[in-house]
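Presented below is the structure to which this report refers.
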Amino acid sequence: MPEVKLTNVAKTFDKGRIIAVDHIDLSIRDREYLTLLGPSGCGKTTTLRMIAGLELPDEGEVYIDEKRVSGLPPEERDVGYVFQEYALFPHMDVWDNVTYGPRVKGWEEEKSERIGREMLELVRLFERTDAFPSELSGGMRQRVALARALSSGSKLLLLDEPLGALDAKIRTELRYEIRRLVKDLQLTAIHVTHDQAEAMAISDRIAVMRKGKILQVGTPQELYLNPQHIFVANFVGESNFLEGYITERTNHKITVELRRGINVQSMNQDHKKGEKVVVAIRPEVLSITQGEKSGLNSIFGNIEGFRFEGTNIRYEIRLENDDLVVVVRPALMAEWLSVGEKVTVAFPVEKSFVFSYPELGLRTELALE
């Protein structure tokens, strides 16, 4: 069964001036659904193309099922590849598109037809076998592309932004369909996307990439609840960032002095007294009250704006030390507040993350480019 391993893989373009993938190591387990997540230009598609054989690494090795494939052409790697742009043959109907792979491989006609029927039934398009791609919706075309990739019989499925060209509702529905198919067929899948909600919904594990490097690999829960990098804390979900210095440190807690002498506490995460740090807090962790400050990590603020987002209300609050934070509250459960109201914002000690202040500055470390 297909396990995939990348060892010290690197790839540059434009005679080495553009670093696309910067010496990464990654292992994908048998029957795992792993997503490469990151902003545009971070190297995730180049990584996928090197696994497929569409690009060759400048350094490092690619292994599929413990076999070194770095020098093999795509047709000898036995992978199914689904492109963002569908890449269907426009002059062929659905049936011919889906059975193209088995026929090119010289499989018996009975076997090719059986696989074609099975794949089209799986993607729920058997009734459209005689339709041409131009006669199908975007969601249907992507399902045909998926069926065509699956009909090759490969146990390794590579998906390059397969939902990026679809509208939001179809994209949400189809991502669960793809995961269901992968699990039903017991495939190994590697899925490229820049959409964090998509990655969180479908993945067994996620590898977060930025500037050609892998910052962290983990389950959606691990990345959200325990980010190991400040970029991950902001890209997977969302975070507020408060800058300060550590003034006290015990075995279990640290005290961070923010601007204008405001102190907050967090759990000790191996930082030193006097160190400049960034405290990261999820918007949904922050609470809002209209009373006086009480307890730890309570800060006065004024509501500068809010947006109704359907299920949530999103408040922008200027704290008394002039930091701006976002607070997200459930729309059906929260009391609506008005712009200009004075409030108290608070968060539990154990619900924040502390990172060393980035060497190049916070704005640069969070930038998507």
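Any read-out appearing in this document is the output of simple, stated calculations on the displayed coordinates, not a laboratory observation. Given the structure is predicted, the values throughout are model-derived calculations rather than measurements. With ideal geometry, Cβ positions are generated from the backbone for all residues, glycine too; neighbour counts draw on all protein chains shown.
For region 58-110, give the magnitude of the charge dipole about the Cα centre (Cβ charges: +1 Lys/Arg, -1 Asp/Glu; no others), in debye to the nearest 20.
In total the dipole reaches around 40 debye.
Give, as a single signed number, the net charge of other residues whose beta carbon lies under 13 Å from the beta carbon of Val9, with Lys and Arg counted +1 and Asp and Glu -1.
With Lys, Arg at +1 and Asp, Glu at -1, the neighbours total 0.
Say the dipole of the chain comes from +1 at the beta carbon of Lys and Arg and -1 at that of Asp and Glu; which of Thr364, Phe235, Val277 then lies farthest toward its positive end?
Val277
Go ahead and set up a Gaussian network model of the chain, Cα springs under 10 Å, then flag whichever of Thr311, Thr35, Thr129 fluctuates most.
Thr311
I want to check the label-to-label distance for Glu257 and Glu61. Put each point 7 Å from Cα in the C-beta direction and report it in nm to one decimal.
Each label point is offset 7 Å from its Cα along the Cβ direction, giving 5.4 nm.
Please give the FRET efficiency for Glu341 paired with Lys111, using the beta carbon to beta carbon distance and R0 = 51 Å, rounded to the nearest 0.05.
About 0.15, to the nearest 0.05.
Can you pull the semi-axes for region 102-146, root of five times each eigenvalue of the Cα gyration tensor, sorted largest first, whole Å?
The equivalent ellipsoid of region 102-146 has semi-axes of 21, 11, 9 Å.
Evaluate the Kirkwood expression for the hydrodynamic radius of region 239-366, namely the inverse of the mean inverse distance over all pairs of different C-alpha atoms, and round to one decimal in Å.
Evaluated over region 239-366, this radius sits at 15.2 Å.
Would you mind telling me which residue in Gly60, Gly295, Gly274 has the biggest mean-square fluctuation in a Gaussian network model of the chain, where springs connect alpha carbons within a distance under 10 angstrom?
Its mean-square fluctuation being the largest, the pick is Gly295.
Taking the alpha carbon gyration tensor of the chain, what are the square roots of 5 times its eigenvalues, largest first, to the nearest whole Å?
46, 25, 16
Once you list every other residue whose beta carbon is under 13 Å from the beta carbon of Gln221, what net charge do they have if Lys and Arg are +1 and Asp and Glu are -1?
Spelling it out: positives minus negatives among the neighbours equals -1.
Lys213's amide H: which non-local residues (gap 5+, or another chain) put their own amide H closer than 5 Å, with H modeled 1.01 Å from N in plane and none for Pro or chain starts?
Those qualifying (amide H under 5 Å, at least 5 residues apart or on another chain) are Asp22.
With θ taken as phi - 60° and the coefficients 6.51, -1.76 and 1.60, list the Karplus ³J(HN,Hα) couplings across region 245-250 in order, rounded to whole Hz; mark glycine and proline as x.
Using θ = phi - 60°, the values come out as 10, 6, 9, 9, 8, 10 Hz.
To the nearest 10 degrees, how steeply does helix 138-150 sit against the main Cα axis of the chain, on a 0 to 90 scale?
Roughly 60 degrees between the two axes.
Quick one: what are the phi-derived ³J(HN,Hα) couplings along region 258-269, Karplus 6.51/-1.76/1.60 with θ = phi - 60°, whole Hz, x for glycine and proline?
7, 4, 6, x, 7, 9, 10, 10, 9, 6, 5, 10
For a 22 Å ceiling on Cα separation, which of these pairs sit above it: Lys5/Lys211; Lys253/Lys273; Lys169/Lys213?
Checking Cα-Cα distances, Lys169/Lys213 exceed 22 Å.
Rounded to the nearest 20 debye, what is the charge dipole size of the chain about its Cα centre when +1 sits on each Lys and Arg Cβ and -1 on each Asp and Glu Cβ?
620
Given 0.36 nm per residue, what is the gain on full extension from Glu316 to Glu75 after removing their alpha carbon distance, in nm?
Going from the current span to full extension adds 81.5 nm.
Place a +1 charge on the Cβ of each Lys and Arg in region 42-198 and a -1 charge on the Cβ of each Asp and Glu, then give the dipole magnitude about the Cα centre in debye, rounded to the nearest 20.
Dipole about the Cα centre, nearest 20: 360 debye.
Name the residue from Asn97, Gln84, Gly116 whose Cα lies farthest towards the positive end of the charge dipole of region 73-124, charges +1 on Cβ of Lys and Arg and -1 on Cβ of Asp and Glu.
Farthest towards the positive pole: Gln84.
Where is the GNM fluctuation largest for the chain (alpha-carbon springs, 10 angstrom cutoff): His194, His229, His271?
Looking only at His194, His229, His271, the largest GNM fluctuation is found for His271.
Only sites in a loop by DSSP and with at most 10 other Cβ atoms within 10 Å count here; which GluC sites (Glu not before Pro) in region 55-142 make the cut?
Glu66, Glu108
Within 14 Å, Cβ to Cβ, of Asp58, how many net charges do the neighbouring residues add up to if Lys/Arg are +1 and Asp/Glu are -1?
Local charge sum for Asp58: -1.
Using θ = phi - 60° and the Karplus form 6.51 cos²θ - 1.76 cosθ + 1.60, what ³J(HN,Hα) does each residue of region 296-308 get, whole Hz, x for Gly and Pro?
Residue by residue, region 296-308 yields 6, 6, 10, 9, 5, x, 10, 6, 9, x, 8, 9, 8 Hz.
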